[in-house]
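K.L.:
Here's a structure for you.
The values are calculated or read from the model by the stated rules, or taken from the named source; none is laboratory data. Predicted, not measured: the structure shown is a model, and the values here were computed from it. Every residue, glycine as well, gets a Cβ built from its backbone with ideal geometry; the counts of neighbours run over all protein chains shown. Just so you know, the surface numbers come from the protein's heavy atoms only, side chains and all, with ligands and any DNA or RNA stripped out. Shrake-Rupley method; radii C 1.70, N 1.55, O 1.52, S 1.80 Å.
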Amino acid sequence: MTTIIDGKQLAKKTNEQTKMEVQHLKEMGITPGLAVVIVGNDEASQRYVRNKNKTAQRLGINSKVIELADTITETELIDIVQQLNDDDAINGILVQDPLPTHIDERKITRKIKPEKDVDGFHPYNVGKLFLDDTTNYPVACTPKGIMTMLKEYNIDLLGKKAVVIGRSAIVGKPMAALLLNAGASITVLHRYTTDILEYTKTADVIVAATGTLHLLQAKSIKQGAVIIDVGQNIDETGHLVGDVDYDDVFDRAGYITPVPGGVGPMTIATLMQQTVELTKWGLNSGK
Ligand code: GUN
């Protein structure tokens with residue numbers, strides 16, 4: 001029997017926990033603050049940012065959206081990031097990607113104070129992740145949310161064969177590191193992998209994050225495999241679907257995340273959770 005990993009339900013539960021933690025912090029006179037910076041008019045980015053802002057406000061987080069014209073210079077954007085770094089009311093800073101091409105995304109990421117890097121994209125935090133550091137640090141929200149899903153469904157990773165398809169800094173690379181840290185043997189596939197089936201057919205866990213329609217079918221996977229679909233694509237009929245042929249794969253999978261209602265809601269819930277964690281870690285560091 002196939003188990004559907006219900007991201008919507010788990011996001012609701014995670015948000016309820018976050019809301020309680022925010023209330024607890026507020027009783028101590030502390031309100032977690034999240035700043036989301038968006039540059040330009042990209043429709044998808046604006047939708048994501050609206051959702052993040054709405055969720056933050058619902059949970060009692062002090063959320064601030066900074067909308068900037070795409071004519072802003074790199075230096076001006078860095079100044080804004082630095083102001084947010086210095087603002088004691090802000091615990092988490094997120095600069096929505098993609099940025100206009102005249103701005104170096106990596107440079108902006110490096111300017112965010114690692115202690116406020118709610119996306120977990122700063123090289124310092126990525127380094128900690130790859131070293132499986134034992135101190136507190138933020139981790140990219142999509143893969144961190146996926147780990148929460150795997151844990152909630154008691155999916156054991158120790159000694160398992162995990163395949164990550166996609167090698168982005170936002171999903172693929174941190175996902176691989178998290179799975180490795182959890183004791184899985186990992187293979188990362190990407191656009192230059194010549195035969196992805198060679199790897200996917202024997203994998204116990206597959207995380208697909210490529211933005212490719214119909215990337216995986218039933219014939220691509222092992223019976224009982226755990227299928228995590230990060231893809232967000234519009235299919236031929238105009239519906240939002242993942243990278244995996246859900247209906248085709250369903251009976252063969254052991255566990256599967258739907259799209260929509262799987263990884264997406266958990267990403268936002270994890271962002272909120274991590275804003276609160278950064279706030280608490282800041283308190284404990286004596287600042
Ligand atoms: N663009 C798409 N996903 C993300 C994300 O998780 N963080 C940021 N900053 N930009 C994104």
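K.L.:
Would you mind finding the one in 40, 33 that is touching a residue at least 40 places away in the same chain (Cβ under 8 Å), small (Gly, Ala, Ser) and closer than 22 Å to residue 265 by Cα?
P.N.:
Residue meeting the stated conditions: 33.
K.L.:
Next up: Return the residues of the range 87-139 that are among the small types (Gly, Ala, Ser) and farther than 22 Å from residue 180 by Cβ; say none if nothing qualifies.
P.N.:
89, 92
K.L.:
Only one residue in 90, 146, 155, 170 is at pLDDT 95 or above, in contact with a strand residue (DSSP E or B) (Cβ under 9 Å, 6 or more places away or on another chain) and either open to solvent by 10 Å² or more (accessible area, probe 1.4 Å) or within 20 Å of residue 199 (Cα to Cα) (or both). Which one?
P.N.:
155
K.L.:
Next question. Restricting the range 41-79 to residues that are small (Gly, Ala, Ser) and open to solvent by 30 Å² or more (accessible area, probe 1.4 Å), which is nearest to residue 109 (Cα to Cα)?
P.N.:
69
K.L.:
Output yes when any residue across the range 127-142 is touching a strand residue (DSSP E or B) at 6+ places or on another chain (Cβ under 7 Å) and in a helix (DSSP H, G or I), and no when none is.
P.N.:
No, the range 127-142 contains no residue that is touching a strand residue (DSSP E or B) at 6+ places or on another chain (Cβ under 7 Å) and in a helix (DSSP H, G or I).
K.L.:
Something else now. If you check residue 58 against the conditions, is it within 14 Å of the ligand (Cβ to nearest atom), free of Cβ contacts under 8 Å to residues at least 60 places away in the same chain and not hydrophobic (A, V, I, L, M, F, W, C)?
P.N.:
No.
K.L.:
Please tell me if residue 51 is within 28 Å of residue 233 (Cα to Cα) and within 14 Å of the ligand (Cβ to nearest atom).
P.N.:
Yes; evaluated as a whole, the condition is true for this residue.
K.L.:
While we're here: From the residues in the range 126-148 that are more than 16 Å from residue 96 (Cα to Cα) and hydroxyl-bearing (Ser, Thr, Tyr), which one is farthest from the ligand (Cβ to nearest atom)?
P.N.:
Among residues in the range 126-148 that are more than 16 Å from residue 96 (Cα to Cα) and hydroxyl-bearing (Ser, Thr, Tyr), the one farthest from the ligand (Cβ to nearest atom) is 134.
K.L.:
So, one more: Has the range 8-19 got any residue that is more than 14 Å from the ligand (Cβ to nearest atom), in contact (Cβ under 8 Å) with a residue 12 or more places away in the chain and under 24 Å from residue 109 (Cα atoms)?
P.N.:
No, because not a single residue in the range 8-19 is more than 14 Å from the ligand (Cβ to nearest atom), in contact (Cβ under 8 Å) with a residue 12 or more places away in the chain and under 24 Å from residue 109 (Cα atoms).
K.L.:
Further question: Within the range 149-178, take every residue that is touching a residue at least 60 places away in the same chain (Cβ under 8 Å) and of a type outside the set (A, V, I, L, M, F, W, C) and give me the one that is nearest to the ligand (Cβ to nearest atom).
P.N.:
166
K.L.:
For the range 232-249, which positions are without any contact (Cβ under 8 Å) to a residue 12 or more places away in the chain and either among the β-branched types (Val, Ile, Thr) or touching a Gly at 6+ places or on another chain (Cβ under 9 Å) (or both)?
P.N.:
Of everything in the range 232-249, those that are without any contact (Cβ under 8 Å) to a residue 12 or more places away in the chain and either among the β-branched types (Val, Ile, Thr) or touching a Gly at 6+ places or on another chain (Cβ under 9 Å) (or both) turn out to be 234, 237.
K.L.:
Another question about this same structure. Counting just the residues of the range 100-125 that are in a loop (DSSP other than H, G, I, E, B) and open to solvent by 20 Å² or more (accessible area, probe 1.4 Å), which one comes out farthest from the ligand (Cβ to nearest atom)?
P.N.:
102
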